[in-house]
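Working notes, structure below.
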Amino acid sequence: MDKIKEELADVVNYCILMADVCGLDLDEIVHEKIILNNKKYPVEKALGSKEKYTGL
């Protein structure tokens, strides 16, 4: 579990640094992606399903 935590921390740190270099707002990016995922995978159709969004 300690190794997984270290790797996750590395990935998050890299993402923060990359967003900063690119002049991007991580909060905005994550919020936009959540909205997109909600449209692609509506809860009423996707809950408990392993189908790709094109099969819902």
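The values are calculated or read from the model by the stated rules, or taken from the named source; none is laboratory data. For clarity, every value in this text was computed on a predicted model and none was experimentally measured. Every residue, glycine as well, gets a Cβ built from its backbone with ideal geometry; the counts of neighbours run over all protein chains shown. In case anyone asks, the SASA skips ligands and DNA or RNA and just uses the protein heavy atoms, side chains included. Shrake-Rupley method; radii C 1.70, N 1.55, O 1.52, S 1.80 Å.
In region 39-51, the residues that are aromatic (Phe, Trp, Tyr) reach residues that are open to solvent by less than 100 Å² (accessible area, probe 1.4 Å) with C-beta atoms within less than 9 angstrom, at least six apart or across chains, in these pairs: Tyr41/Ser49; Tyr41/Tyr53; Tyr41/Leu56. If you check Gly23, Gly48 for being small (Gly, Ala, Ser) and modelled with pLDDT of 95 or more, only one passes: Gly23. Of the helices (runs of 4 or more DSSP H) lying entirely inside the chain, those containing at least 2 residues that are of a type outside the set (Val, Ile, Thr) and open to solvent by less than 90 Å² (accessible area, probe 1.4 Å) are 2-22, 26-40.
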